[in-house]
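A short worksheet on the structure shown next.
The values are calculated or read from the model by the stated rules, or taken from the named source; none is laboratory data. Keep in mind that what you see is a predicted model, and the values were worked out from it rather than measured. Quick reminder, even Gly has a Cβ in these numbers, built from the backbone with ideal geometry, and neighbours come from all protein chains shown.
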């Protein structure tokens, strides 16, 4: 079942347009669906400390302070003679 939603706030319309233009989403509908899905996930009860940990982790990922899993596994396999 499809649902029509009107986005009335111009700054939200602009944001949706920018996200689609930047290639983050194939359409405004997809961007809205993603936002709703994220809102649903956030409704899960988390403690303030858990939320803070998640936000710190996301900030690390956003600034590239993370390790590619495949690269990590390759290094560990080589280090431990598993390759």
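So the values come out like this:
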read-out: Any pair with Cβ under 7 angstrom, 6 or more apart, that starts in the stretch 5-24 at a residue that is free of Cβ contacts under 8 Å to residues at least 12 places away in the same chain and ends at one that is surrounded by 10 or more Cβ atoms within 10 Å (Cβ to Cβ) and outside any helix (DSSP H, G or I); value: 13/7; 20/27
read-out: Among residues of the stretch 21-32, those that are over 19 Å from residue 3 (Cβ atoms) and over 13 Å from the mean Cα position of the chain (by Cα), counted; value: 3
read-out: Restricting the stretch 43-59 to residues that are surrounded by 11 or more Cβ atoms within 10 Å (Cβ to Cβ) and out of contact with any helix residue (DSSP H, G or I) (no Cβ under 8 Å at 6 or more places or on another chain), the residue that is modelled with the lowest pLDDT; value: 51
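Residue-by-condition table, conditions (1) outside any helix (DSSP H, G or I); (2) surrounded by 10 or more Cβ atoms within 10 Å (Cβ to Cβ); (3) at pLDDT 95 or above:
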{"site": "3", "(1), (2), (3)": "yes, no, no"}
{"site": "29", "(1), (2), (3)": "no, yes, no"}
{"site": "41", "(1), (2), (3)": "no, no, no"}
{"site": "67", "(1), (2), (3)": "yes, no, no"}
{"site": "70", "(1), (2), (3)": "no, no, no"}
{"site": "74", "(1), (2), (3)": "no, yes, no"}
